[in-house]
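Trainee: The structure is given below, and queries will be raised subsequently.
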Amino acid sequence: MNFEQVINSLPRQLLAPLPTPIQRLAASEKILDSPVKLYIKRDDLTGVGAGGNKVRSLEYIIGRAKADGCDIIVASGNGQSNLCSLAAACAARAGIKCLIVHNCEKPDTSAGNSILNDLLDVERIYIGDVDSTRREEYMPLVMQVLKDRGQNPYLIRNGATTGCGALGYANAVIEIRDQCRRQNLEIKHIFAPGGNGGIAAGLIYGNAMLGFPFKIHIISVEDDTPTLTKHIETTIAEMRRITALPFDFQVKDCADISDAYRGEGWAINTDQSRQMVKTFARTEGIYIENVYTSKLMVGFEDMVKKGLTGGDALVIHTGGFGSLFSQY
Ligand SMILES: Cc1ncc(COP(=O)(O)O)c(C=O)c1O
């Protein structure tokens, strides 16, 4: 079986109205005096909850959970986690239960994603202000409690950055290639953000499986390039185990992974990223947020200004709309 046949044979819960639109960024092209056409892929419009990248991951994760006979998915993250909120919304749509474990204190008043979670009435556990390593250590205990309750839980590890979750973006490369064919687009460069590296792993793996139709650019929002590259390698290794299709490449040779725009790290704005949230909405009428897509857009625009060659450029808007309302 080839890559497309393998990926189509895996369990999947259809959730997103795909393909997501590819739109021209005409105003940005003008302002940047871009020699290439610029496009945005609206993965903020993935059709469930507030939308965003994690819906693609959850299609494969919930598909796997159901195939394994699970009746509840367990998501964990900080109080504004996009993954947690989208897991709850996708679970509602897929007819499966969801439990969220937050590593923060229970907020006195809800904001952003936590309002959306209130509306969903999803069960939440607050384990206090501990780091994500401590939170992951706590998860086996939660799983045991659910089993003792007579439930059959599926744990979403590592913010859905797993081999299973990353299949969503491996599949997205097929989608983008097909959209380019249908719409006669000459896209060569794909830009995406890198947090834990799940989107990056999926894009890099999918692109390699299709014979490298695109050049992948990853803008780190958190870690330095060697650390992010390691995360990506780990997730690609997991994907390989699922698909049984080899990936005989070095990740560093398959993508341009930049840490030049991350500033002091995750969720800490740079002056440029803070400004970008406003500028992008005012020029394109599209909202981005402060943690992921703002730094992505800064990196994207800077690289466009420095000059891209060989074809047009697409930036993937990965969503996070729910969290925007907690950031001001
Ligand atoms: C809106 C948004 N964009 C990008 C990312 C980064 O994705 P990854 O962790 O797969 O690199 C996340 C992760 O939570 C996210 O919520």
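Trainee: For M276, all conditions in the list (1) over 18 Å from Y39 (Cβ atoms); (2) crowded, with 22+ Cβ neighbours inside 10 Å hold save one; what is the number of the exception?
Mentor: Of (1) over 18 Å from Y39 (Cβ atoms); (2) crowded, with 22+ Cβ neighbours inside 10 Å, only one is false for M276: (1).
Trainee: Then there is this: Which ones in segment 86-97 are under 16 Å from R56 (Cβ atoms) and over 13 Å from the mean Cα position of the chain (by Cα)?
Mentor: Scanning segment 86-97 gives A89, C90, A91, R93, A94.
Trainee: A follow-up question, please. Can you name the residue in segment 255-287 that is aliphatic (A, V, I, L, M) and free of Cβ contacts under 8 Å to residues at least 60 places away in the same chain and, of all such residues, is farthest from A200 (Cα to Cα)?
Mentor: A281
Trainee: Mind listing whichever residues of segment 145-160 are away from the ligand (no atom under 16 Å from the Cβ) and surrounded by 12 or more Cβ atoms within 10 Å (Cβ to Cβ)?
Mentor: The answer is V145, L146, Q151, N152, P153, Y154, L155.
Trainee: Please work out which residue is surrounded by the most Cβ atoms within 10 Å (Cβ to Cβ), limiting yourself to segment 122-144 and to residues that are of a type in the set (A, V, I, L, M, F, W, C) and part of a loop (DSSP other than H, G, I, E, B).
Mentor: Per the criteria, the residue is V122.
Trainee: Pick out the one residue from L120, L185 that is outside the structural domain of E264 (by TED's automatic domain parsing) and either more than 16 Å from the ligand (Cβ to nearest atom) or over 30 Å from N2 (Cβ atoms) (or both).
Mentor: L120
Trainee: For segment 77-89, which residues satisfy the criterion of being within 12 Å of the ligand (Cβ to nearest atom) and either closer than 16 Å to Q13 by Cα or small (G, A, S) (or both)?
Mentor: Scanning segment 77-89 gives G77, S81, S85, L86, A87.
Trainee: Go over the candidates K54, K41, K37, K66 one by one and state the one that is over 29 Å from D129 (Cα atoms) and within 13 Å of the ligand (Cβ to nearest atom).
Mentor: Only one candidate qualifies: K41.
Trainee: Then there's this: Residues that are hydroxyl-bearing (S, T, Y) and in the same structural domain as M303 (by TED's automatic domain parsing): list the helices (runs of 4 or more DSSP H) wholly contained in segment 194-281 that include at least 1 such residues.
Mentor: So the answer is 198-209, 225-243.
The values are calculated or read from the model by the stated rules, or taken from the named source; none is laboratory data. Not measured: the values here are computed from a predicted model. FYI the Cβ positions are ideal-geometry reconstructions off the backbone, even for glycines, and counts take in every protein chain you see.
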